[in-house]
Amino acid sequence: RVWRLDGTCEQVLRGGHTNSVVAVYQMNDGLVCSAGMDKMIRVWNLRTGSNIMTFAGHNDSVFTLCALPDGRLVSGSADNTLRVWNLSTQKCELIIKGHSDSVQFAILLWDGTICTAS
């Protein structure tokens, strides 16, 4: 759902996830990404309310999303990995392993690196 700060529901995004959504991230140009317990990442056009892309590849719930300056999307999952997704090609470009537990949070730092927590 998209909410106004007065508590009014502006928009409901339908026809997407099959389980709870636990992460959302605003991209550029009116796009919002969502991720959740269904292991999927969806990209939504807020102007139309349409699900315009779906990314599958994680083996467990997706908990966190963040964007790189070049427009790629980073996701972190209960499968202990980070994935880097290219929205132009709609493909996973990189799988980063190294966590021994679920990746709960990922943020882009000022120098272009990503800080994660599990």
Checklist outcome for this item: In segment 24-33, residues that are open to solvent by 10 Å² or more (accessible area, probe 1.4 Å) and either farther than 24 Å from T113 by Cα or assigned to a strand (DSSP E or B) (or both) total 6
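For segment 34-45, give me the residue count where each residue is open to solvent by 20 Å² or more (accessible area, probe 1.4 Å), within 10 Å of the chain's Cα centre (by Cα) and farther than 11 Å from H58 by Cα.
So the count comes out to 1.
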Checklist outcome for this item: Checked segment 59-105 for anything among the hydrophobic types (A, V, I, L, M, F, W, C), under 12 Å from the mean Cα position of the chain (by Cα) and closer than 19 Å to D38 by Cα; matches are V62, F63, L65, C66, L73, V74, L82, V84, W85, F105
Checklist entry - Is segment 71-85 home to any residue that is closer than 28 Å to E10 by Cβ, touching a Ser or Thr at 6+ places or on another chain (Cβ under 8 Å) and at pLDDT below 95? => result yes
Item to check | Top-ranked residue of segment 1-55 - restricted to ones that are touching a residue at least 24 places away in the same chain (Cβ under 8 Å) and aromatic (F, W, Y), ranked as farthest from R72 (Cα to Cα) | outcome: W44
Checklist outcome for this item: Scanning segment 48-83 for residues that are in contact with an Asp or Glu (Cβ under 9 Å, 6 or more places away or on another chain) and not polar (S, T, N, Q), the one surrounded by the most Cβ atoms within 10 Å (Cβ to Cβ) turns out to be V62
Checklist entry - Based on what the data block shows, is T89 within 18 Å of L31 (Cα to Cα) and surrounded by fewer than 16 Cβ atoms within 10 Å (Cβ to Cβ)? => result yes
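Suppose we filter I107, I95 for residues that are in a strand (DSSP E or B), among the aliphatic types (A, V, I, L, M), open to solvent by 30 Å² or more (accessible area, probe 1.4 Å) and more than 19 Å from V43 (Cα to Cα); which single one remains?
I95
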Item to check | T18 at pLDDT below 90, β-branched (V, I, T) and either surrounded by 18 or more Cβ atoms within 10 Å (Cβ to Cβ) or more than 20 Å from A117 (Cα to Cα) (or both) | outcome: yes
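The values are calculated or read from the model by the stated rules, or taken from the named source; none is laboratory data. None of these values were measured; they are calculated from a predicted model. Every residue, glycine among them, receives a Cβ derived from its backbone with ideal geometry; neighbour counts consider all protein chains shown. Each accessible area value is taken on the protein alone, full model and side chains, heavy atoms only, with ligands, DNA and RNA left out. Shrake-Rupley method; radii C 1.70, N 1.55, O 1.52, S 1.80 Å.
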